[in-house]
Amino acid sequence: MHCLTGETNYRGRKSIVRKTFTTVLVIFALVIAILATAFGVALAQGPGTTCAVTGGGTIGDSTVRIGVALKCDVTRAPNILNISWGAGNCFHLDTLTQAICTDDPSISPGRPPCNCDTYEGWGVGRYNAVDGYQARWIFTDAGEPGTTDWAWVKVTDAGGTTVLEQSGFLRFGNLEFRNSR
Ligand SMILES: [Ca+2]
Ligand SMILES: [Ca+2]
């Protein structure tokens, strides 16, 4: 009887040790994963990096299509924004004049790690090959697929009259934020 009780206690202790070991392993793995993510983000955000957004797509149910390769730094080229809509209308960005990139806490850009997911920009360019037009836009990246990415674009003439304004989630396509040198 004494031996049986001893065996039971031994098995009980063995089970507790196994559970404790498993718990420690899980916690250790979690800590490693958190550290690796933080380290990866820190590496990706090293000196000289800036946010950038690339990609494109069709905005909502409209005919408005965007093609984007923009750095969040007006001193770094190239910066590309092409907007096309309707029967052959297009806006081509010539100069990026202002860019603000931020992190919206309510959305996640997914992979690759990036410290921003929202791009607000201003620029000047050509509407149907005529100079003197201005554009303003906001793009957000909510990961993949791009159907939860969102875009707002507005094109105005020199007098401030709106030529195009459209907003919505992307029907086709994808926007991707990343850290760029
Ligand atoms: Ca975010
Ligand atoms: Ca996306």
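Derivation of every value follows stated rules applied to the coordinates shown; laboratory data play no part. Just so you know, these numbers come straight off a predicted model, no measurement behind them. Every residue, glycine as well, gets a Cβ built from its backbone with ideal geometry; the counts of neighbours run over all protein chains shown.
Results, tabulated for the structure shown:
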{"item": "Added length on full extension, which subtracts the Cα-Cα distance from 0.36 nm per residue, I107 to A77", "result": "8.0 nm"}
{"item": "Chain lengthening between T95 and V130 when straightened (0.36 nm per residue, less Cα-Cα)", "result": "11.2 nm"}
{"item": "For peptides 167-180, 91-104, sequence by mean Cβ density within 10 Å, most packed first", "result": "167-180, 91-104"}
{"item": "Difference of contour (0.36 nm per residue) and Cα-Cα distance, T147 to T161", "result": "2.0 nm"}
